Structures are given as C-alpha cells and as structure tokens.
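Scroll down for the structure; my scribbles are underneath it.
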Amino acid sequence: MRQFLFKTCQSYVEKSIGILGLVPSTVQIQTFIDNLKCRPGGKAAYYRYIRAFYHWLYSPASGFRYAPADNPAAWVKRPRVPDKIQPAQSRESVMRLLSHVKGPRNAALITTLIESGGRLREVTNINENDILWDQHVIKAIAKGGHEVLMPFGEVTERLIRAWLSEYHPDGGNIWGLTQSGVVSFLRRLEKRSGIKCNAHTFRRGFASILLKGGTNLIDIMRLGHWKSLPMVQLYTKSVVFEDSIKNYHGPLQHVDVTGRLGISGKVPRPRIELGTRRFSVYCSTD
C-alpha cells in the first residue's frame with residue numbers, strides 16, 4: 001500500500017479510505033463523493049484517486065485476494081466539472097511579464113518556461129550539462145521518471161548564456177533556486193504584473209502559441225511530451241476559431257479549376273481613381 005500511496009496523492013486516499021474502508025459498496029463510494037464539501041474540481045480529484053486506489057487494491061499487483069470483478073469503484077459516476085478555460089500565456093502577456101523582471105536570470109526563467117513548455121519541476125532542475133546548445137534542446141526527467149527533450153529558442157539561449165556568464169552553478173541547477181523558490185518568484189511576479197503566471201500557464205501558453213502559429217497537434221504533443229492528443233486539446237482550449245482561421249488556406253488554392261471551366265482566374269479587385277474631392281471606387285477585372 002505504501003508503494004501505491006507514493007505514486008498518487010496520499011492525502012486524498014487516506015481521507016477517503018479512512019471513511020470507506022477496503023470493501024465499500026459502489027453506493028457508499030458514490031455517496032461519499034457526492035456529499036464532499038468541495039468544488040467540482042476537488043470532487044473530480046477524489047474520484048480519480050479513489051478509482052485508482054481500488055483498481056490497484058482489486059488487482060493481483062496489490063497482493064490482496066480481492067477479485068477485479070468485485071471492484072466497487074468500477075461503476076461510480078464521474079463528477080461533472082464545468083468546461084472552464086484555464087489561463088494560458090500569450091506572446092503579449094509574456095512581454096508584459098518580462099517588463100516587470102530585472103536581470104538575465106529572471107528573464108531567462110520566464111522565456112525557458114514559455115519556450116520549452118516544461119513543467120515546473122522539469123524547468124527548475126535544469127543543470128548546465130543538460131543543455132544541448134547545438135540542438136537547442138534541454139534534457140529533463142519528466143513525470144513518470146523517463147527522460148525527455150525540451151526545446152528552446154534563440155531568445156532563451158541568449159538569456160541563459162548571459163546568466164551563466166555571471167553565475168556558476170557548481171553542480172546545482174542553473175537558477176540557484178529550489179522549486180519552492182521558483183513558485184515564490186512567480187507569485188511575486190503575478191502580484192506585480194496582475195497576470196496569472198503559475199508554471200502551468202506557461203505550459204498551456206506553449207501549446208496555444210504553437211497551435212496559433214500553425215504547428216499541428218501531433219508535433220505539439222511530441223514537443224511538449226504529452227501522452228495523447230486529447231491532453232494537447234485540453235491545454236489549447238484558449239485557441240478559438242479566430243486564431244485558427246489565420247492559418248487557413250483554401251484546399252483548392254493551387255488547382256486551376258477556373259481555367260478548365262473557361263472562367264477567368266483573375267479576382268475582381270477595386271480600382272481607385274482620383275475624383276475632384278474624394279476617391280471614387282469602381283470594380284474592375286483588370
């Protein structure tokens with residue numbers, strides 16, 4: 001059981017199992033979740049961890065003699081969570097945030113978050129040896145313990161090089177900050193700028209900016225090391241139709257359909273002639 005609790009959120013499981021026990025009924029679990037005095041997102045978190053716990057408990061991996069078919073959490077209904085768009089950084093908001101920071105380290109931290117799409121822990125734990133300058137990627141240990149590569153651009157490269165020219169990590173991370181230190185820095189920056197800026201707003205911004213720029217979802221999934229396309233879609237909810245239409249190109253734009261039908265390929269465009277006191281606009285095909 002300790003092994004399971006290490007992998008999931010211990011507080012959710014301990015609070016739930018302390019009330020439900022190891023062999024509750026489906027009705028008892030459903031009633032427990034429905035009567036929780038927390039927001040829909042909190043109920044959804046309890047639901048996920050309770051299901052994960054009983055799935056483990058009623059599997060051979062737990063070592064207990066409970067049959068998987070008897071898993072009481074299998075038929076519990078998922079709580080409804082409002083379809084809320086979470087805050088995501090944009091190019092404009094990042095520029096505003098940069099106007100509120102001083103020094104290459106703080107600026108480099110901001111640009112690394114937005115250009116790499118890395119999670120808080122991944123970005124915090126960057127060591128100098130993790131940076132592959134020629135490839136413009138950074139090695140990191142992602143959630144789940146596997147190694148990934150995080151991209152970065154020329155702006156981040158210049159800022160990190162400027163910071164490392166005056167700071168020597170001596171084997172530690174390049175920022176000289178712990179993870180809680182980075183969180184504190186972002187909270188202070190949020191208070192000064194008035195812009196929501198926890199680490200995940202940059203991760204959402206990374207995906208959203210790439211999508212607005214025309215990068216396809218599969219490439220975004222790989223660059224941000226998401227495991228599925230639905231997760232990428234979840235992180236890019238702030239991208240709307242008006243953003244996507246900018247990348248639209250007519251599917252037949254390079255096909256000479258009009259010529260084959262004997263229709264002029266020229267598109268009528270306005271011809272402007274200078275009148276006595278105002279411009280007169282006529283429609284012409286030449």
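Before moving on, here are some points about what is shown:
- Sorting THR112, THR26, THR124 by the number of Cβ atoms found within 10 Å of their own Cβ, with the fewest placed first, yields THR26, THR124, THR112.
- Gyration tensor (alpha-carbon) shape descriptor, segment 91-243, a/c threshold 1.5: oblate
- Helix-only CD estimate at 222 nm, as mean residue ellipticity for the chain, using -39500 (n - 2.57) per DSSP H run (n ≥ 4): -13500 deg cm²/dmol
- Beyond 31 Å, the tail of the calculated P(r) for the chain holds 51 percent of the Cα pairs.
- MET150 long-range amide H proximity, modeled H, under 5 Å: ILE138, LYS139, ALA140
- Translational diffusion coefficient (Stokes-Einstein; Kirkwood radius from C-alpha pairs) of segment 2-70 at 4 °C, 1.567 mPa s, in µm²/s: 104
- Flagged links, alpha-carbon separation over 18 Å, of LYS143/LYS227; LYS84/LYS212; LYS43/LYS143; LYS84/LYS196; LYS191/LYS237; LYS43/LYS77: LYS84/LYS212; LYS43/LYS143; LYS191/LYS237
- Full-stretch length increase - GLN135, ILE263 - with 0.36 nm per residue and alpha-carbon distance subtracted: 41.1 nm
- Most tightly packed first, judged by the mean number of other beta-carbon atoms within 10 Å of their residues, the peptides 225-232, 197-204, 243-250 read 197-204, 225-232, 243-250.
- FRET E, pair GLN179, GLN86, Förster distance 22 Å, beta-carbon r, rounded to 0.05: 0.60
- A simple spin-label model places pseudo-atoms 7 Å from Cα toward Cβ; at GLN10 and ARG158 they are separated by 4.6 nm.
- The ranking of GLU115, GLU154 by Cβ neighbour count inside 10 Å, starting from the fewest, reads GLU154, GLU115.
Only the coordinates and a few stated rules stand behind these numbers; no lab work does. Keep in mind the model is a prediction, meaning the values are calculated, not measured. Don't worry about glycine lacking a Cβ; one is built from the backbone with ideal geometry, like all the others, and counts go over all protein chains shown.
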